[in-house]
Amino acid sequence: MVCAFQGWNDAGDAASGAVSFLATALGAKRFARIDSEEFYDFQANRPCIRFGEDEQQREIVWPTVEISEAHAPRAPRDLVLVQGVEPSMRWRGFSAHIVDLAEALGVQVVVTLGALLGDVPHTHPVAMTGHASDAALSERLGIAPSSYEGPTGIVGVLHSVCTRAGLPSASLWAAVPHYVAAAANPKAALALVRKVEGVIGVSVDVSELESAAADYERQVGLAVQSDPDIQAFVERLEQATGSEDVEIAPEDVPSGDILAREFQRFLRQRGAEGK
(Lines give C-alpha, C1' and ligand atoms only; values in the text may rest on other atoms or scores of the structure.)
Protein backbone atom coordinates (compact mmCIF):
# COMPACT_ATOMS: atom_id res chain seq x y z
CA MET A 1 0.00 0.00 0.00
CA VAL A 2 1.37 3.41 -1.02
CA CYS A 3 -0.22 6.51 0.53
CA ALA A 4 0.08 10.27 -0.02
CA PHE A 5 -2.07 13.20 1.07
CA GLN A 6 -2.38 16.71 -0.28
CA GLY A 7 -1.76 19.48 2.23
CA TRP A 8 0.79 19.97 4.99
CA ASN A 9 2.71 16.77 4.10
CA ASP A 10 2.96 17.61 0.41
CA ALA A 11 5.40 20.43 -0.41
CA GLY A 12 5.49 21.10 -4.13
CA ASP A 13 2.73 18.50 -4.63
CA ALA A 14 5.58 15.99 -4.78
CA ALA A 15 4.09 13.19 -2.67
CA SER A 16 0.59 13.37 -4.17
CA GLY A 17 2.16 13.77 -7.61
CA ALA A 18 4.18 10.59 -7.13
CA VAL A 19 1.12 8.49 -6.22
CA SER A 20 -0.96 10.07 -9.01
CA PHE A 21 1.78 9.19 -11.47
CA LEU A 22 1.87 5.59 -10.24
CA ALA A 23 -1.91 5.38 -10.57
CA THR A 24 -1.86 6.67 -14.15
CA ALA A 25 1.19 4.69 -15.25
CA LEU A 26 -0.21 1.42 -13.87
CA GLY A 27 -3.82 1.98 -14.92
CA ALA A 28 -5.10 1.88 -11.33
CA LYS A 29 -8.83 1.42 -10.75
CA ARG A 30 -10.61 2.96 -7.79
CA PHE A 31 -12.52 0.49 -5.63
CA ALA A 32 -13.25 2.51 -2.49
CA ARG A 33 -13.65 6.03 -1.16
CA ILE A 34 -13.56 7.16 2.48
CA ASP A 35 -16.69 9.04 3.55
CA SER A 36 -15.64 12.67 3.95
CA GLU A 37 -18.42 13.67 6.36
CA GLU A 38 -16.62 12.28 9.41
CA PHE A 39 -13.09 13.52 8.76
CA TYR A 40 -13.19 16.94 7.05
CA ASP A 41 -13.86 20.51 8.08
CA PHE A 42 -15.63 21.77 4.98
CA GLN A 43 -14.79 25.39 5.79
CA ALA A 44 -11.09 24.49 5.63
CA ASN A 45 -11.43 22.09 2.67
CA ARG A 46 -14.47 23.29 0.78
CA PRO A 47 -16.36 21.08 -1.67
CA CYS A 48 -16.38 22.26 -5.29
CA ILE A 49 -19.14 22.56 -7.86
CA ARG A 50 -18.54 21.27 -11.36
CA PHE A 51 -20.60 20.33 -14.40
CA GLY A 52 -21.29 16.68 -15.11
CA GLU A 53 -20.66 14.87 -18.37
CA ASP A 54 -23.74 16.40 -20.02
CA GLU A 55 -22.43 19.92 -19.10
CA GLN A 56 -25.87 20.91 -17.84
CA GLN A 57 -26.25 19.19 -14.49
CA ARG A 58 -24.04 20.47 -11.70
CA GLU A 59 -22.57 18.19 -9.06
CA ILE A 60 -20.77 18.61 -5.76
CA VAL A 61 -17.25 17.20 -5.48
CA TRP A 62 -16.34 16.59 -1.85
CA PRO A 63 -12.79 16.44 -0.46
CA THR A 64 -12.03 12.81 0.17
CA VAL A 65 -9.51 9.97 0.00
CA GLU A 66 -9.74 7.45 -2.82
CA ILE A 67 -8.33 3.93 -2.76
CA SER A 68 -7.29 2.17 -5.96
CA GLU A 69 -5.77 -1.14 -6.99
CA ALA A 70 -3.09 -1.60 -9.61
CA HIS A 71 -1.16 -4.49 -11.09
CA ALA A 72 2.51 -3.75 -11.73
CA PRO A 73 4.29 -5.90 -14.32
CA ARG A 74 6.87 -8.24 -12.80
CA ALA A 75 6.00 -7.04 -9.29
CA PRO A 76 5.69 -9.71 -6.59
CA ARG A 77 2.31 -8.35 -5.43
CA ASP A 78 -0.42 -5.95 -6.53
CA LEU A 79 -0.49 -2.38 -5.25
CA VAL A 80 -3.10 -0.50 -3.24
CA LEU A 81 -2.84 3.28 -3.79
CA VAL A 82 -4.31 5.71 -1.26
CA GLN A 83 -4.51 9.36 -2.26
CA GLY A 84 -6.54 12.44 -1.42
CA VAL A 85 -6.76 15.47 0.82
CA GLU A 86 -5.30 15.33 4.33
CA PRO A 87 -8.26 14.92 6.72
CA SER A 88 -9.05 17.77 9.09
CA MET A 89 -9.95 15.77 12.20
CA ARG A 90 -10.15 12.35 13.91
CA TRP A 91 -6.77 11.27 12.59
CA ARG A 92 -6.52 8.22 14.83
CA GLY A 93 -9.89 6.95 13.65
CA PHE A 94 -9.00 7.72 10.04
CA SER A 95 -5.68 5.87 10.34
CA ALA A 96 -7.44 2.92 11.98
CA HIS A 97 -9.70 2.68 8.91
CA ILE A 98 -6.65 2.53 6.63
CA VAL A 99 -4.95 -0.11 8.78
CA ASP A 100 -8.12 -2.23 8.97
CA LEU A 101 -8.41 -2.12 5.18
CA ALA A 102 -4.72 -3.00 4.75
CA GLU A 103 -5.08 -6.01 7.04
CA ALA A 104 -8.29 -7.15 5.30
CA LEU A 105 -6.53 -7.00 1.92
CA GLY A 106 -3.42 -8.82 3.12
CA VAL A 107 -1.12 -5.83 2.61
CA GLN A 108 2.49 -6.75 3.41
CA VAL A 109 3.93 -3.25 3.80
CA VAL A 110 2.56 0.30 3.95
CA VAL A 111 4.68 3.06 2.41
CA THR A 112 3.72 6.66 3.15
CA LEU A 113 5.13 9.50 1.06
CA GLY A 114 5.75 13.08 2.11
CA ALA A 115 7.57 16.19 0.93
CA LEU A 116 8.96 19.04 3.01
CA LEU A 117 10.42 22.47 2.34
CA GLY A 118 14.15 22.64 2.93
CA ASP A 119 17.28 24.71 2.40
CA VAL A 120 18.19 22.72 -0.70
CA PRO A 121 19.10 23.99 -4.19
CA HIS A 122 17.09 22.89 -7.21
CA THR A 123 20.30 22.02 -9.04
CA HIS A 124 21.29 19.16 -6.70
CA PRO A 125 19.82 15.65 -6.53
CA VAL A 126 16.71 15.49 -4.37
CA ALA A 127 17.62 14.96 -0.70
CA MET A 128 15.70 12.00 0.75
CA THR A 129 15.07 10.98 4.35
CA GLY A 130 12.87 8.34 5.89
CA HIS A 131 12.32 5.77 8.59
CA ALA A 132 10.84 2.31 8.87
CA SER A 133 9.20 0.07 11.44
CA ASP A 134 12.00 -2.53 11.47
CA ALA A 135 15.70 -2.87 10.68
CA ALA A 136 15.26 -4.98 7.54
CA LEU A 137 12.92 -2.44 5.98
CA SER A 138 15.24 0.40 6.99
CA GLU A 139 18.07 -1.31 5.11
CA ARG A 140 15.89 -1.55 2.00
CA LEU A 141 15.23 2.21 2.17
CA GLY A 142 18.91 2.90 1.70
CA ILE A 143 18.61 6.55 2.80
CA ALA A 144 19.56 8.62 5.81
CA PRO A 145 17.15 8.14 8.72
CA SER A 146 15.17 11.21 9.72
CA SER A 147 16.03 12.89 13.03
CA TYR A 148 13.07 15.28 12.85
CA GLU A 149 11.17 16.16 16.02
CA GLY A 150 8.20 18.50 15.93
CA PRO A 151 4.68 18.85 14.52
CA THR A 152 3.51 16.08 12.23
CA GLY A 153 0.71 15.45 9.76
CA ILE A 154 -1.52 12.53 8.86
CA VAL A 155 1.49 10.75 7.31
CA GLY A 156 3.28 10.61 10.67
CA VAL A 157 0.15 9.51 12.51
CA LEU A 158 -0.63 6.78 9.97
CA HIS A 159 2.93 5.45 10.15
CA SER A 160 2.70 5.30 13.95
CA VAL A 161 -0.67 3.50 13.89
CA CYS A 162 0.71 0.95 11.40
CA THR A 163 3.71 0.29 13.64
CA ARG A 164 1.54 -0.23 16.73
CA ALA A 165 -0.67 -2.62 14.77
CA GLY A 166 2.37 -4.70 13.80
CA LEU A 167 1.99 -3.79 10.12
CA PRO A 168 5.42 -3.20 8.49
CA SER A 169 5.60 0.41 7.32
CA ALA A 170 8.04 2.89 5.85
CA SER A 171 7.88 6.66 5.50
CA LEU A 172 9.75 8.38 2.66
CA TRP A 173 10.29 12.15 2.46
CA ALA A 174 11.70 14.33 -0.31
CA ALA A 175 13.14 17.80 0.30
CA VAL A 176 11.77 20.58 -1.92
CA PRO A 177 13.57 23.94 -2.40
CA HIS A 178 11.74 26.47 -0.25
CA TYR A 179 12.27 29.25 -2.81
CA VAL A 180 10.02 27.48 -5.36
CA ALA A 181 7.42 26.19 -2.92
CA ALA A 182 4.57 27.61 -5.00
CA ALA A 183 5.32 25.40 -8.01
CA ALA A 184 4.63 21.69 -8.48
CA ASN A 185 7.90 19.75 -8.23
CA PRO A 186 8.05 16.74 -10.60
CA LYS A 187 11.74 16.29 -9.80
CA ALA A 188 10.92 15.46 -6.18
CA ALA A 189 7.97 13.31 -7.30
CA LEU A 190 10.35 11.35 -9.55
CA ALA A 191 12.76 10.78 -6.66
CA LEU A 192 9.91 9.40 -4.53
CA VAL A 193 8.72 7.09 -7.32
CA ARG A 194 12.24 5.77 -7.81
CA LYS A 195 12.60 5.07 -4.11
CA VAL A 196 9.20 3.34 -3.98
CA GLU A 197 10.31 1.11 -6.85
CA GLY A 198 13.28 -0.09 -4.83
CA VAL A 199 11.38 -0.60 -1.59
CA ILE A 200 8.45 -2.64 -2.92
CA GLY A 201 9.93 -4.17 -6.09
CA VAL A 202 7.85 -2.27 -8.66
CA SER A 203 9.09 -1.23 -12.10
CA VAL A 204 7.39 1.73 -13.80
CA ASP A 205 8.11 3.61 -17.01
CA VAL A 206 9.03 7.06 -15.68
CA SER A 207 10.14 8.66 -18.97
CA GLU A 208 7.24 11.13 -18.87
CA LEU A 209 8.07 12.14 -15.31
CA GLU A 210 11.76 12.41 -16.17
CA SER A 211 10.88 14.81 -18.99
CA ALA A 212 8.72 16.89 -16.65
CA ALA A 213 11.53 16.97 -14.06
CA ALA A 214 14.07 18.15 -16.64
CA ASP A 215 11.69 20.88 -17.82
CA TYR A 216 11.06 21.93 -14.21
CA GLU A 217 14.77 22.26 -13.49
CA ARG A 218 15.28 24.25 -16.69
CA GLN A 219 12.39 26.63 -15.96
CA VAL A 220 13.48 27.20 -12.37
CA GLY A 221 17.04 27.83 -13.56
CA LEU A 222 15.83 30.51 -15.97
CA ALA A 223 13.69 32.08 -13.26
CA VAL A 224 16.62 32.20 -10.84
CA GLN A 225 18.90 33.72 -13.49
CA SER A 226 16.37 36.49 -14.09
CA ASP A 227 17.01 37.96 -10.62
CA PRO A 228 20.63 38.59 -9.49
CA ASP A 229 19.72 38.55 -5.79
CA ILE A 230 17.99 35.19 -6.02
CA GLN A 231 20.78 33.80 -8.18
CA ALA A 232 23.38 34.85 -5.59
CA PHE A 233 21.31 33.25 -2.83
CA VAL A 234 21.01 29.95 -4.73
CA GLU A 235 24.77 29.92 -5.33
CA ARG A 236 25.39 30.34 -1.60
CA LEU A 237 22.88 27.58 -0.94
CA GLU A 238 24.75 25.27 -3.33
CA GLN A 239 27.99 25.97 -1.48
CA ALA A 240 26.35 25.39 1.90
CA THR A 241 24.86 22.09 0.73
CA GLY A 242 28.26 20.86 -0.42
CA SER A 243 30.24 22.03 2.59
CA GLU A 244 29.47 21.97 6.29
CA ASP A 245 31.85 24.90 6.77
CA VAL A 246 29.77 27.35 4.72
CA GLU A 247 26.91 29.09 6.47
CA ILE A 248 24.17 31.29 5.08
CA ALA A 249 23.44 34.23 7.34
CA PRO A 250 19.77 34.99 7.95
CA GLU A 251 20.15 38.45 6.43
CA ASP A 252 21.38 36.80 3.20
CA VAL A 253 18.18 34.82 2.73
CA PRO A 254 15.54 36.58 0.60
CA SER A 255 11.99 36.50 1.90
CA GLY A 256 10.09 33.38 0.87
CA ASP A 257 7.22 35.61 -0.28
CA ILE A 258 9.58 37.61 -2.46
CA LEU A 259 11.04 34.46 -4.01
CA ALA A 260 7.59 33.02 -4.69
CA ARG A 261 6.37 36.26 -6.27
CA GLU A 262 9.45 36.52 -8.49
CA PHE A 263 9.10 32.93 -9.65
CA GLN A 264 5.38 33.28 -10.39
CA ARG A 265 6.02 36.54 -12.23
CA PHE A 266 8.65 34.86 -14.37
CA LEU A 267 6.34 31.97 -15.24
CA ARG A 268 3.56 34.39 -16.23
CA GLN A 269 5.97 36.24 -18.49
CA ARG A 270 7.13 32.99 -20.08
CA GLY A 271 3.51 31.96 -20.63
CA ALA A 272 2.69 35.26 -22.32
CA GLU A 273 5.73 34.96 -24.58
CA GLY A 274 4.77 31.40 -25.50
CA LYS A 275 1.28 32.48 -26.56
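The values are calculated or read from the model by the stated rules, or taken from the named source; none is laboratory data. Being a predicted model, the structure only gives us computed values, none of them experimental. Counting neighbours? That spans all protein chains shown, and the Cβs are built from the backbone with ideal geometry, glycine included. All accessible areas refer to the heavy atoms of the entire protein, side chains included, with ligands and DNA or RNA removed. Shrake-Rupley method; radii C 1.70, N 1.55, O 1.52, S 1.80 Å.
In table form, for the structure just shown:
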read-out	value
Accessible surface of the chain, 1.4 Å probe, proportion on carbon and sulfur as whole %	49
Relative packing of 90-96, 120-126, 179-185, 144-150, which averages over residues the other C-beta atoms within 10 Å, highest first	179-185, 120-126, 90-96, 144-150
Stokes-Einstein translational diffusion, the stretch 103-166 - Kirkwood Rh over all Cα pairs, 1.306 mPa s, 10 °C, in µm²/s	116
Relative intensity, log₁₀ I(q)/I(0), of the chain from a Debye sum that treats every alpha carbon as a point, q = 0.09, 0.10, 0.16 Å⁻¹	-0.46, -0.57, -1.31
V176 long-range amide H proximity, modeled H, under 5 Å	L116, L117, G118
DSSP bridge orientation in the chain - percent antiparallel, rounded to nearest 5	50
Length released on extending from I49 to Q231, taking residue separation times 0.36 nm less the Cα-Cα span	61.4 nm
Accessible area (Å², per residue) of the stretch 105-190, counting only protein heavy atoms and a probe of 1.4 Å	42
Hull volume in cubic angstrom per residue (convex hull over the Cα atoms of the stretch 1-88)	121
Whole-number D in µm²/s for the stretch 50-121 (Stokes-Einstein; Kirkwood sum over Cα pairs; 20 °C, 1.002 mPa s)	137
Cα point-scatterer Debye curve for the stretch 150-229, base-10 log of I(q)/I(0) at q = 0.12, 0.16 Å⁻¹	-0.51, -0.79
Computed label-point distance, nm, for sites E103 and E139 using a 7 Å Cα→Cβ extension	2.8
